[in-house]
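Read through the structure below, which is laid out as structure tokens, and then see the notes.
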């Protein structure tokens, strides 16, 4: 009876945050970075663009999924906050409208701030007269020939509008007084940002506004009575039919075509050119949307355009950007050869503080070394001109046995990955597409070499993608090891993925589906048992999102027993901390800053028998049940110590850290050090380490005094100075 009462107690929906609303809270924290005066002006614009990009995907996937549930009369509440699909959609609308209103308020404020630098973002009709004449000439020669007005009547049906594309809606009055409507798609191959200069001021106008200004030239002889810009967001989370597909590549290509024309889930309208809501009723009806699905904004649509704008302004005003940072040589590697050193000890990497280049070289060198027998790798998201792809192709062409798992179901990277899969196949690589109904999200590379006549596996394991571009802006971690047990596990892992066999028994790696969640539950239970005996229970975990109810309930149980739990969760957190008798021993901090926090770290104190793990997986049900993921141990005590220092630094971040309270609300980390930005500290630490390594190479025979302390102590020294 006691166990049943406790189970009921921990199922109380008041103890949980809804997944979707928690994500919107995360996107609000991104928006806060656009308001934070500690960030340079152009960086603030970037955060507005990130907020928009995030929101597009949220609507295409999460909101679309909820709307599908409502359409199918599915009314079951989700299993944590107990909100039905309709309740979630209502909550999303309320919270997101406030976010979007703040987003455009901030955009217009930043526009005003840019004027101090003689940069004026404006509407074309407000330009000096001489520039309007110049713009009209540009419109006639470069823009007008590309436009295709689409009338709407019995012979010209409402067009199928592509996902996220800009369009102009136009009402015209015919000579007999009849009102007709038309749509003018904004050409995607034209530059949306148009720059003009006059009297020392740089003017920025947007393509859709220029088309709107001169729209009458498209409807010669008729009166244009109304025009405005709009944008449709569509359901992009369509079903990939894997079972029975003879070739998953072909099925993915079919799926990509369908994605462009999924059901509409959001309509955005630039309200600067429209006075009443009545004007949008026609679009609402045609797109089968309601007023709750419409966002009327005070500014240009699709603020992801600000990425491009910043790119065009950054050379003019580099002082309005973050101070440039070059990823440094990894301190664990120094100037050693990566293969020679990994025979002696594990090598640790921390991107983007440390350069991703050694990982590229790890694969490139293997592709050229005659002693390399085989290379095996999983690829989830790679860059458009990936040097890793080129190295794998070269390896196959050099006669190496190359096996690559390309995850075709990586959302919004499907088209890119189809291209890479075909290219690798053409080069002679053995390409596999993952496992049926499971995404392979693991980050692992296995290189088999002959070393002194002995076949030796070298393994790279990481928390992030093999993407040289995102490795400069995502914080991720990884190791290269020749640990024999991990090497054997890696061989069994790839053989399991590429062939037919029962799931192997692993020595050191913990592999999802299922095993990682069971492993977390077991270790939390061990920490509870240890705490009851010794009173020093401690769990620290860093991840992108926490959503799995089974793990959350187990964390609640540990907290109730007195175990101290410190969580660093960038995004979604369905657990509410600080609730008396339930989670008062749990602390949740979110860090949103210059770099996207992406690494996953899991630490269990176990009365001094410390266990430290890195992983490609979050504590999310989808990661632990519906994906192939790897959790791997950090076995070197020195690396464990270094990871603890990084974690403690982030827990004390008082500038970019936000603490969640018992109501699920986030506030800046009052308990942290108000002068500490953990990301800046880690950049400083990496530069200091690199400087010392350079000095040690030029100081022959002379010991170099190390300035390195643990991060917290070094920070205190800086404060004293």
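Among 466, 198, 104, a tally of other beta-carbon atoms within 10 Å of each Cβ gives an order, fewest to most, of 198, 104, 466. Placing dummy labels 7 Å off each Cα toward the beta-carbon, the span from residue 550 to residue 345 is 3.8 nm.
When each of 351, 523 is scored by the number of other beta-carbon atoms lying within 10 Å, the sequence from fewest to most is 523, 351. Of the beta bridges in the chain, as assigned by DSSP with both residues counted there, near 70 percent are antiparallel.
Between residue 640 and residue 197, the contour length at 0.36 nm per residue exceeds the Cα-Cα span by 153.9 nm. Counting every C-alpha pair in the stretch 338-508, the share spaced more than 23 angstrom apart comes to 36%. Under the criterion of Cα pairs below 8 Å and six or more residues apart, the relative contact order for the stretch 338-508 equals 28 percent. The residue 662 and residue 138 beta-carbon pair, evaluated with R₀ = 51 Å, returns a calculated FRET efficiency of approximately 0.35. Here the calculated FRET efficiency for residue 384 and residue 112, from their Cβ-Cβ distance with R0 = 45 Å, stands at 0.80, rounded to the nearest 0.05. Relative to the longest principal axis of the Cα atoms of the chain, the long axis of helix 637-651 makes an angle of roughly 40 degrees. Summarising the strand pairing of the stretch 338-508, around 70 percent of its internal DSSP beta bridges are antiparallel.
According to the Kirkwood relation over distinct C-alpha pairs, the hydrodynamic radius of the stretch 496-543 is 13.1 Å.
Where does helix 357-368 land angle-wise versus the long Cα axis of the chain, in degrees 0 to 90, nearest 10? Between helix and principal axis, roughly 70 degrees. Per Stokes-Einstein, at 4 °C and 1.567 mPa s, what whole-number D in µm² s⁻¹ belongs to the stretch 512-697, with the Kirkwood radius over Cα pairs as the hydrodynamic radius? Rounded, D is 76 µm²/s. Relative to the longest principal axis of the Cα atoms of the chain, the long axis of helix 129-138 makes an angle of roughly 80 degrees.
For the stretch 311-380, what percent of Cα pairs sit more than 19 Å apart? It works out to 52 percent of all Cα pairs. Estimated from helical segments only, the mean residue ellipticity of the chain at 222 nm is -11500 deg cm²/dmol, where each DSSP H run of four or more residues counts as -39500 (n - 2.57).
Averaging the sequence gap over all C-alpha pairs within less than 8 Å and six or more residues apart, then dividing by the number of residues, gives the stretch 512-697 a relative contact order of 21 percent.
Residues within the reach of a label modelled at residue 223 (point 7 angstrom out along Cα to beta-carbon, backbone nitrogen below 16 Å), restricted to the stretch 161-184, are 171-181. Only Cα pairs under 8 Å and 6+ residues apart enter the sum, and on that basis the relative contact order of the chain stands at 11 percent. Full extension of the chain between residue 82 and residue 495 yields a length gain of 144.5 nm, computed as 0.36 nm times the residue separation minus the alpha carbon distance. Enumerate the residues in the stretch 196-216 having an amide nitrogen under 14 Å from the point lying 7 Å beyond the Cα of residue 316 toward its Cβ. The answer is 196-206, whose backbone nitrogens lie closer than 14 Å to the label point. Using the Cβ-Cβ distance between residue 272 and residue 292 with R0 set to 30 Å, the FRET efficiency works out to roughly 0.85.
Once divided by 2.2 N^0.38 Å, the Cα radius of gyration of the stretch 110-223 becomes 1.22.
Full extension of the chain between residue 325 and residue 281 gives 10.9 nm of extra length, using 0.36 nm per residue less the Cα-Cα distance. Residues 83, 477, 284, 72 in ascending order of nearby Cβ atoms (within 10 Å, fewest first): 72, 284, 83, 477.
Only the coordinates and a few stated rules stand behind these numbers; no lab work does. These numbers were taken from a predicted model, which means no experiment stands behind them. Cβ atoms come from the backbone with ideal geometry, glycine included; neighbour counts cover every protein chain shown.
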